[in-house]
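Reviewing the structure listed below.
Values in this text are rule-based calculations from the coordinates and carry no lab data. Note that the structure is predicted; figures quoted are calculated from it, not measured. Cβ sites come from the backbone with ideal geometry, for glycine too, and all protein chains shown count toward neighbours.
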Amino acid sequence: MSEPAAAVSTAPPVARTALAFPGPRRIVDGWELTARHATGDLVLADLGPLVKLTVRGPAEGAVRAALGTGFGRTARHDEGALAGALVVGAGPGEWLVLGPAGTGGELLAATRAVVADSGEFASVVDVTHGRALVRLTGAAAPALLAKVCAIDLADRVVPDGSAFRSSVARVVTDVVRDDIRDELDDPAGDGTARTRSYLLHCERSSGQYLADALVDAGTEYGIEVGAPPSAR
Amino acid sequence: MMLLPCPNCGARNVSEFRYVGEAKTRPDPTTATPQEWRRHLYLHRNPAGWTRETWYHGSGCRRYFAIERNTVDNAVRTAGATS
Ligand SMILES: [Zn+2]
């Protein structure tokens with residue numbers, strides 16, 4: 001009796017983020033994501049497909065100048081070699097470079113070129129598949145984070161465009177304040193209205209736990225899991 | 001809760017850190033006698049009062065640094081980075 005031939009699939013491989021939520025899923029840019037739609041005022045979105053690079057090098061020097069920011073701050077590159085990337089000063093001499101999904105090869109090459117041109121020795125490593133990344137958006141986001149993180153999130157301490165690493169629900173997490181433009185509620189009508197938004201980045205193996213802890217802590221604020229309110 | 005002043009991150013909960021030990025100079029491996037190694041590894045001053053010690057900020061900047069801590073009342077004062 002012969003074994004039945006194994007089914008051969010010719011479909012392109014699908015990557016999975018660190019997070020899985022109950023309900024429908026869809027494939028975007030080769031990544032399997034939740035297809036749930038969040039319409040509430042507080043949303044947790046899985047940004048796992050974003051390209052994530054870590055850069056390690058001298059804290060204060062040419063690499064820092066080339067990346068455009070240092071420890072505790074962020075820089076969004078709108079032009080130049082790193083156009084489209086958000087550079088986060090994650091630690092002294094440590095950076096996290098985030099880019100749109102599917103741009104891994106180009107962003108890695110561009111970042112390596114920028115670092116090489118600086119003349120300093122630094123390493124650039126693609127950790128896209130090794131980390132979890134979520135975006136928490138809504139006016140209640142700081143109140144939620146205050147339940148699981150000891151850092152004072154007041155504007156005076158953590159303004160828009162700043163970053164820190166600390167314990168969030170007992171997980172070592174990079175927290176990046178990256179407020180997004182509020183298109184629905186803009187009283188001045190000039191595009192200056194902002195909604196509180198944080199990126200949270202941790203090791204992949206802790207990602208599902210962190211997301212579940214945030215959903216638990218956010219229940220009283222009506223948190224929903226779904227697509228990000230902004231594309232990036 | 002006890003706060004430790006990290007030279008990179010500011011005051012943080014002590015649970016974010018790992019205690020490394022009393023800050024002291026490592027003997028020269030090429031000339032140290034076994035007695036000197038034993039003293040370095042196992043014997044500590046352990047004073048009732050101010051002591052200089054090394055901590056590691058594992059949940060933050062992932063850097064080692066020195067602080068001075070009073071072992072009687074856990075008061076701390078900064079003593080600069082060690083790496
Ligand atoms: Zn620190």
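From the backbone phi of region A:13-28, what are the Karplus-calculated ³J(HN,Hα) couplings (6.51 cos²θ - 1.76 cosθ + 1.60, θ = phi - 60°) in whole Hz, Gly and Pro given as x?
x, 10, 8, 10, 6, 6, 10, 9, 10, x, x, x, 10, 9, 9, 10
Evaluate the distance, in nm, between pseudo-label points positioned 7 Å from the Cα of residue B:51 and of residue A:221 along their respective Cα→Cβ axes.
Calculated label separation equals 4.1 nm.
Extent of region A:51-128 along each principal axis, from alpha carbon coordinates, in Å, largest to smallest?
30, 23, 23
Which of B:5, A:139, A:5 sits farthest toward the positive end of the charge dipole of the protein assembly as shown, with +1 on the Cβ of Lys and Arg and -1 on the Cβ of Asp and Glu?
Going by the charge dipole, the pick is B:5.
In whole angstrom, note down how far apart the Cα centers of region A:198-220 and region B:17-73 are.
Going from one Cα centre to the other spans 36 Å.
Determine ³J(HN,Hα), in whole Hz, for all residues of region A:210-222 in sequence, where each value follows from phi through the Karplus function 6.51 cos²θ - 1.76 cosθ + 1.60 and θ = phi - 60°; x replaces Gly and Pro.
Computed from phi, the couplings for region A:210-222 are 4, 4, 5, 5, 5, 5, 4, 5, x, 4, 5, 9, x Hz.
With the dipole of the protein assembly as shown worked out from charges on the C-beta (+1 for Lys and Arg, -1 for Asp and Glu) around the Cα centre, which of B:59, A:168, B:47 lies farthest toward the positive end?
Ranked along the dipole, the leading option is B:47.
For the peptides B:15-24, A:202-211, what is the packing order when you average, over each peptide's residues, the other Cβ atoms within 10 Å and list the highest mean first?
Values: B:15-24: 14.4, A:202-211: 18.8.
Packing order, densest peptide first, comes out as A:202-211, B:15-24.
If you find the alpha carbon centre of region A:144-181 and of region A:41-106, how far apart are they in angstrom?
With region A:144-181 and region A:41-106 each reduced to a Cα centre, they are spaced 17 Å.
Do the sum for chain A: with -39,500 (n - 2.57) for every DSSP H run of n ≥ 4, divided by all residues, what is the mean residue ellipticity at 222 nm, to the nearest 500 deg cm²/dmol? Mind dumping the intermediate values first?
Details: 4 runs with 44 residues, N = 232.
So the calculated ellipticity at 222 nm is -5500 deg cm²/dmol.
When the dipole is taken about the Cα centre of region A:51-128, and only Lys, Arg (+1) and Asp, Glu (-1) are charged at their Cβ, what size is it in debye, to the nearest 20?
Details: 6 positive and 8 negative charges, 38 e Å.
It comes to approximately 180 debye.
May I have the convex hull volume per residue, in Å³, for the Cα set of chain B?
98
Tell me the net charge near residue A:198. Cut-off is 11 Å between Cβ atoms, residue A:198 excluded, with +1 for each Lys or Arg and -1 for each Asp or Glu.
Numbers: positive: A:135, A:177, A:196; negative: A:160, A:174, A:178, A:179.
Within the 11 Å Cβ shell, the charges total -1.
Scaled to the compact-protein estimate 2.2 N^0.38 Å, what is the alpha-carbon radius of gyration of the protein assembly as shown, rounded to two decimal places? Please list the in-between numbers first.
Working: Rg = 23.2 Å, N = 315, 2.2 N^0.38 = 19.6 Å.
Relative to the rule-of-thumb radius for its length, the protein assembly as shown sits at 1.19.
Set the Förster distance to 25 Å, then compute FRET efficiency between residue A:205 and residue A:126 from the Cβ-Cβ distance, nearest 0.05. Spell out each step's value before the answer.
Working: r = 18 Å, r/R0 = 0.71.
That pair, residue A:205 with residue A:126, gives E of 0.90.
Set Lys and Arg Cβ to +1 and Asp and Glu Cβ to -1, take the dipole of region A:51-128 about its Cα centre, and tell me which of A:124, A:109, A:91 lies farthest positive.
Working it through, the farthest residue towards the positive pole turns out to be A:91.
Counting Lys and Arg as +1 and Asp and Glu as -1, what is the net charge of the other residues whose Cβ lies under 13 Å from the Cβ of residue B:43?
Its environment carries a net charge of +2.
Under a Cβ-Cβ cut-off of 11 Å, what is the net charge of the residues other than residue A:223 that fall near it, where Lys and Arg count +1 and Asp and Glu count -1?
Summing Lys and Arg as +1 and Asp and Glu as -1 gives -4.
Run the dipole for the protein assembly as shown about the Cα centre, Lys and Arg Cβ at +1, Asp and Glu Cβ at -1, nothing else charged, and hand back the magnitude in debye, nearest 20. Show your work: numbers first, answer last.
Details: 34 positive and 36 negative charges, 255 e Å.
About 1220 debye.
What are the ³J(HN,Hα) couplings of region A:90-106, residue after residue, when phi is run through the Karplus curve with 6.51, -1.76, 1.60 and θ = phi - 60°? Round to Hz, x for glycine and proline.
In residue order, the calculated couplings are 7, x, x, x, 9, 10, 10, 10, 10, x, x, 4, x, 9, x, x, 5 Hz.
Taking a quarter of the surface of the Cα convex hull of region A:1-101, what do you get in nm²? Intermediate results must be reported in sequence, preceding the final value.
Details: hull surface 45.4 nm².
Here the figure is 11.3 nm², rounded to one decimal.
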